[in-house]
1. Set the Förster distance to 35 Å, then compute FRET efficiency between Leu63 and Lys86 from the Cβ-Cβ distance, nearest 0.05.
2. Run the simple label-point estimate for Phe30 and Ala50 please: 7 Å along Cα→C-beta, distance reported in nm.
3. In whole Hz and in residue order, list the ³J(HN,Hα) couplings for the range 83-94 that follow from phi through the Karplus curve 6.51 cos²θ - 1.76 cosθ + 1.60, θ = phi - 60°; x for Gly and Pro.
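No value in this document is a laboratory result; all are computed from the given coordinates. Model, not experiment: these values are computed from the prediction. Glycine gets a Cβ as well: all are built from the backbone with ideal geometry, and neighbour counts include every protein chain shown.
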Amino acid sequence: MGPISGIRPPNPVEAIRDVAGAAHAPTGDFGQLVRQAMQTVDGLQKDSHASVQRMLSGEVEDLHKVALDHQRAALAFDMFLQVRNKAVQAYQEVMRMQL
């Protein structure tokens, strides 16, 4: 039997882009990439909050959509936090290197 085809490792940038529904990948320097990721996560958090507010005011009766919006925002935030932690860890490791 041959290997399973069509499976590839996850890419965090693609995951954020897929969650946000962006049409293109972020481009530019690292600072701009981080800024765009923060704006994406912030937008998802604001959408989630607005969805909850609409549900509480009675405008939306679709509870599972509200729950999905909240979970999407929470996952995006968790992933962004993990990427930040890895970047800080890498920076600290470089700073510990002796020249």
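1. 0.50
2. Distance between the two pseudo-spin positions: 3.3 nm.
3. Result, rounded to whole Hz: 5, 4, 4, 5, 5, 5, 4, 5, 4, 5, 5, 5.
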